[in-house]
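All remarks here apply to the structure that follows.
Just so you know, all these numbers are worked out from the coordinates, no wet-lab data involved. Here the structure is a predicted model, which means the values were calculated and not measured. Cβ: placed from backbone, ideal geometry, glycine included. Neighbour counts: every protein chain shown.
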Amino acid sequence: MLLPIALLSGTAFAANPFTLWKDRLFGEKPSSPPVARAPDEGVVVLGFDRPERISIGTDAEQRDFPKGKSRFREIELAREFKNIAVRVQVIAESNPQGRGNAVFKPILYVLDDAGKVRDSTLVEPLQIDIRPFKPTRLLACVNLEDVRRFVVATPASAPGKFYESKSRDKLKAASKGGFYYSTDPVKVQLPYVETGKLVIEVTPVKKKGEGC
């Protein structure tokens, strides 16, 4: 399957929420920073413009949130920032409850100094990225305000439901290596599960809504 050909067209990118991010996402800039791996437990101290792979496993902490109880990881910045853009890649993995792949549906909760939830932002819309020899990913970018600490969790209602991509037309294109790919029309369904892996990158911005 070669769904991302649609994403690589100029028209598709014009409507994409992460246009400024596209070169790094699709590997067009060899100078892009490598993805670091966060510790498997504890608070993740995140620097700017440094993508970090974060795991939310079965041993991750749990707590009650406005959208229900969830396993989560807490992320802390160097200080409070008025506006940031949070770029998220959800990595599809083998479904622990059945066949095929599954994904984690992220929601971000901004915390106050006492650790209470001050605001919540569902990470959407999620755009699917499927390419030969590459892990399937869901991509999104959201903005947060007045934030130093936030957590990545999932709505309690998500597990048992599905991410569903839009139907895509049949596509044909040649790759840079000279190979020729084609796809049939397809609609992708990925079940949401309680755990997963994400790549998160934070960028400070001057105005609300910038960076995505």
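Applying the Karplus relation 6.51 cos²θ - 1.76 cosθ + 1.60 with θ = phi - 60° to the range 51-61 yields 3J(HN,Hα) values of x, 10, 7, 10, 9, 10, x, 5, 9, 5, 4 Hz, where x marks Gly and Pro. Remark: the range 146-157, residue by residue, has Karplus-estimated 3J(HN,Hα) of 6, 10, 10, 10, 8, 10, 9, 9, 9, x, 4, 7 Hz, where x stands for each Gly or Pro and the curve is 6.51 cos²θ - 1.76 cosθ + 1.60 at θ = phi - 60°. Taking one quarter of the surface of the convex hull spanned by the alpha-carbon atoms of the range 68-155 gives a direction-averaged projected area of 6.8 nm². Once the C-beta distance of Q189 and Q97 is scaled by a Förster radius of 25 Å, the resulting FRET efficiency is 0.95 to the nearest 0.05. Averaging the sequence gap over all C-alpha pairs within less than 8 Å and six or more residues apart, then dividing by the number of residues, gives the range 38-97 a relative contact order of 33 percent. Phi angles of the range 83-93 translate, via the Karplus equation with coefficients 6.51, -1.76, 1.60 and θ = phi - 60°, into HN-Hα couplings of 9, 9, 9, 10, 9, 10, 10, 9, 8, 6, 10 Hz per residue; Gly and Pro are given as x. Take the residue pairs K166/K208; K116/K207; K67/K207; K67/K166; K82/K161; K116/K197 and return only those whose Cα atoms are more than 32 Å apart. Over 32 Å apart, Cα to Cα: K82/K161. With a Förster radius of 30 Å applied to the C-beta separation of A78 and F162, the computed FRET efficiency comes to 0.20.
Computed over neighbours whose Cβ is under 11 Å from that of D113, the net charge equals +2, Lys and Arg +1, Asp and Glu -1. Peptides 52-64, 139-151 ranked from most to least packed by the mean count of surrounding Cβ atoms within 10 Å: 139-151, 52-64.
Extension gain for the segment E124 to R63, taken as residue separation times 0.36 nm less the Cα-Cα distance, is 19.7 nm to one decimal.
Ordering 75-83, 188-196 by mean Cβ neighbour count within 10 Å, with the highest value first, yields 188-196, 75-83.
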